[in-house]
Every structure is written in structure tokens, then in C-alpha cells.
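The values are calculated or read from the model by the stated rules, or taken from the named source; none is laboratory data. Computed from a prediction, not measured in an experiment: that's the story for all the values here. For neighbour counting, all protein chains shown are included, and Cβ atoms are generated from backbone atoms with ideal geometry for every residue, glycine included.
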Amino acid sequence: MVKQFKGADFRAAMQEKKTLVVDFYADWCGPCRMLAPVLEKLSGSYEGKAEFVKIDVDDNPDLAREYSIMSIPCIMVFKDGAVAGKNVGFAPAAAMQEFLDRYL
């Protein structure tokens, strides 16, 4: 299950050093809407390994700036409070799973 996070939620998870898969997105973004069901489906495969969350860049511009989000969707994997991997743009399920397998 992919949870909606705001800045405070994200910062709390980072302090706890949780493993996160973060989808930086916007409601108006077509590729973001295409990627959402892919991540929802894949999130079940990684239960217990990572928490899947999404952050709206329009509602959280400070986080978008902090992590240099220039294009969306942007999927970032965070481990131990640091960026472990980054994937920009839509990816079909097989490609996204391959990306996630590298970091989880």
C-alpha cells in the first residue's frame, strides 16, 4: 500500500532511518498517474522491506527543492536516512521492479 506523506511525515520517517520508496508526483502529471498503480501493485512484494509513500511536489515544494526534483514522476529509495537510488519518469512494472531490486 502506498501512503500519502506530507513534509512532517517524511522528516519523521527519515529520523527513524526507515527504508522508504518515495514517489514524488503531482496530480496533474499524466506519467505520474500511469505509475501510481504500478507502485501500488509492487508495494505488496516489498512488504517488510520498505515503506512506499508518495509526496505531492506542489504541496511540498521545500522537499522538491531539497532533493532537486526537476522532473516527475521521480522515485527515490532512501536507506538509513540517505538517498540510495533514483529513477525519473514512467517505468513499466518489470523495469520498476528491476530498479527496486537493486536497492531493496
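Cβ-Cβ distances below 7 Å connect the following pairs, each with a first residue in region 61-81 that is outside any strand (DSSP E or B), a second residue that is at pLDDT below 95, and a separation of six or more residues or different chains: 62/7; 63/7; 80/17; 81/14; 81/17. Note on region 14-34: among residues that are free of Cβ contacts under 8 Å to residues at least 60 places away in the same chain and aliphatic (A, V, I, L, M), the one that is nearest to residue 92 (Cα to Cα) is 34.
Residues in region 41-55 that are surrounded by 14 or more Cβ atoms within 10 Å (Cβ to Cβ) and in a helix (DSSP H, G or I): 42, 43, 46. Keeping to region 13-40, report how many residues are over 14 Å from residue 74 (Cα atoms) and surrounded by 12 or more Cβ atoms within 10 Å (Cβ to Cβ). Within region 13-40, residues that are over 14 Å from residue 74 (Cα atoms) and surrounded by 12 or more Cβ atoms within 10 Å (Cβ to Cβ) number 6.
Taken over region 68-89, the residue count meeting the criterion of being within 20 Å of residue 31 (Cα to Cα) and surrounded by fewer than 18 Cβ atoms within 10 Å (Cβ to Cβ) is 7.
Being charged (D, E, K, R), at pLDDT 95 or above and in contact with a Lys or Arg (Cβ under 7 Å, 6 or more places away or on another chain), is that true of even one residue in region 50-57? So far as region 50-57 goes, yes, one or more of its residues are charged (D, E, K, R), at pLDDT 95 or above and in contact with a Lys or Arg (Cβ under 7 Å, 6 or more places away or on another chain).
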